[in-house]
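Working notes, structure below.
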Amino acid sequence: MSTADVTTQPSCADASDPLSLTVQQAIDAIRAALVPIRDQEQVAIRSSLGRVLAEECISPIDVPSHTNSAMDGYALAGADLPPDGVREFRVIATALAGQTVAEVCTAGECVRIMTGAPMPPGTDTVVMQEQAEKVGEAQVRIDAGHRVGQNVRQAGEDIAQGARVFGPGRVLTAADLGVLASLGFAELRVHRRPRVAFFSTGDELRSIGDVLAEGEIYDSNRYSLFALLTEAGVDIIDLGVVRDDRAALAAAFSHASRVADVVITSGGVSVGEADYTKEILANHGKVSFWTIAMKPGRPLTFGQLGQAMFFGLPGNPVAVMLTFHQFVRPALRYLVSGDWPTQLVIEARSRLALKKRPGRFEFVRGILSYDDQGRLSVGPSGAQGSGILTSMSRANCYILLAEDCGGVSEGETVSVQPFSTLL
Ligand code: AMP
Ligand code: MG
């Protein structure tokens, strides 16, 4: 979407904010501008957690590879089970996991079997140890009421040989690593991680370790961004702090766009005297949009810088995290998987009344918990100013107050995005 598109398509969400996109329009514009990374690399299975698969994984074997016992007990032929009363069986062998039994079970015979052991020839059913009565050294008594085929895991019942287990775009989880290991995969072909360069802007920023002079603050955004990027599983290029100076910023922009797929800055996107981000992006790249009808996070400059996508996040520490969660993190996922993740939204009772006027989309930092009646309830995690990072730190969710919402009364149902589910 070009700058012109934005100005000729004003949002009707907020009459006083006609140049802003809605949250959804911003997502659509970002998504339309992204070109998924196609480069691939081979990684060991241990290094593949969270990586995005670039190949089809076809199972070379059946899992389980052989029909085996699900219980410790006695394997026998189901046809031999007593229809009523009790029947005695002679124990002819013992089957342990990882071993095969040569003896063939015939009528009146059974094999002592351990969990995971292959079913011995002539057997198709296992009676649990607890349900068999041992009578003498090699004799057990089994009563009626068992089912033919019970307690047996069939070869290939989990994964059949030749089945497609995972395909390109799959974001690998801990369970996936287990599944792939069970098939004998040692290495996987995955997409290269996005390279993300980021820097803070602002003359007031000092690094940790410096002594603060009047009016100066520590650069906290670099640390929250570093952590957010680490969670997102990308290759991180930390370019430090850049002063509010056109030449220094232009040089940093140019360097960042040459080393990264995505460039992220914080600060300098408001309309103050020293806010140069949008101007420099316009001169050296292309501005797609620069305001979103949302709170916090209204000024967000998005566009293209050389081959890189550019996100100029606001300076306020809360707005940095919120805009990262809502736009940057899904965009990073999209870059490797080709899918814009659907964030989980659940409903909960609002513990308090929440003031809001229709217009912007508001994200309230909240605490989601169960009330004493076991219902999910939610309330603000503290003061909501966009510089108040402690209420972000206490929060475990965003309460979503959409554009048309005109406030929430106590006890009303609201939509909530739990942090733990943000992708
Ligand atoms: P700006 O968008 O540059 O006007 O910044 C908005 C607010 O965020 C100002 O109060 C800045 O001091 C603050 N801010 C900007 N960058 C950072 C940073 N890296 N760490 C902490 N606060 C910041
Ligand atoms: Mg600034």
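Structure data summary
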{"read-out": "Spin-label pair Leu423/Asp339, simplified geometry with 7 Å Cα→Cβ offset, distance in nm", "value": "0.5 nm"}
{"read-out": "Gain on full stretching of the segment that runs from Glu216 to Lys134 - 0.36 nm per residue minus C-alpha separation", "value": "21.4 nm"}
{"read-out": "The chain: angle of helix 246-259 to the longest principal axis, Cα-based, in degrees nearest 10", "value": "20 degrees"}
{"read-out": "Two-site FRET efficiency, Glu157 against Ala107, from Cβ-Cβ distance with R₀ of 35 Å, rounded to 0.05", "value": "0.80"}
{"read-out": "Residue (of Ser69, Thr342, Gln326) at the positive-pole extreme of the chain, dipole from beta-carbon charges", "value": "Gln326"}
{"read-out": "Hull-based mean projected area of the chain, where the convex hull spans the alpha carbons, in square nanometres", "value": "29.3 nm²"}
{"read-out": "Hits among lysines - C-alpha to C-alpha of Lys356 under 23 Å, sequence gap 8 or more where chains match", "value": "Lys295"}
{"read-out": "Förster radius 45 Å - calculated FRET efficiency between Glu41 and Thr100, Cβ distance, rounded to 0.05", "value": "0.65"}
{"read-out": "Cα-based reach from Lys278 at 18 Å (exclusive), listing lysines while leaving out same-chain residues under 8 positions away", "value": "Lys286"}
{"read-out": "Fully extended contour minus Cα-Cα distance, from Ile58 to Ala144, at 0.36 nm per residue", "value": "26.7 nm"}
{"read-out": "Label-to-label distance, nm, for residues given as Ala383 and Glu279 (7 Å Cα→Cβ offset)", "value": "3.2 nm"}
{"read-out": "Förster-model FRET efficiency, 35 Å R0, Asp28 and Ser254, C-beta, rounded to 0.05", "value": "0.75"}
{"read-out": "In Hz, Karplus ³J(HN,Hα) per residue of region 150-163 (6.51, -1.76, 1.60; θ = phi - 60°; x = Gly, Pro)", "value": "5, 6, 10, 9, 7, 4, x, 5, 7, 9, 8, 3, x, 6"}
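Just so you know, all these numbers are worked out from the coordinates, no wet-lab data involved. These numbers were taken from a predicted model, which means no experiment stands behind them. Cβ: placed from backbone, ideal geometry, glycine included. Neighbour counts: every protein chain shown.
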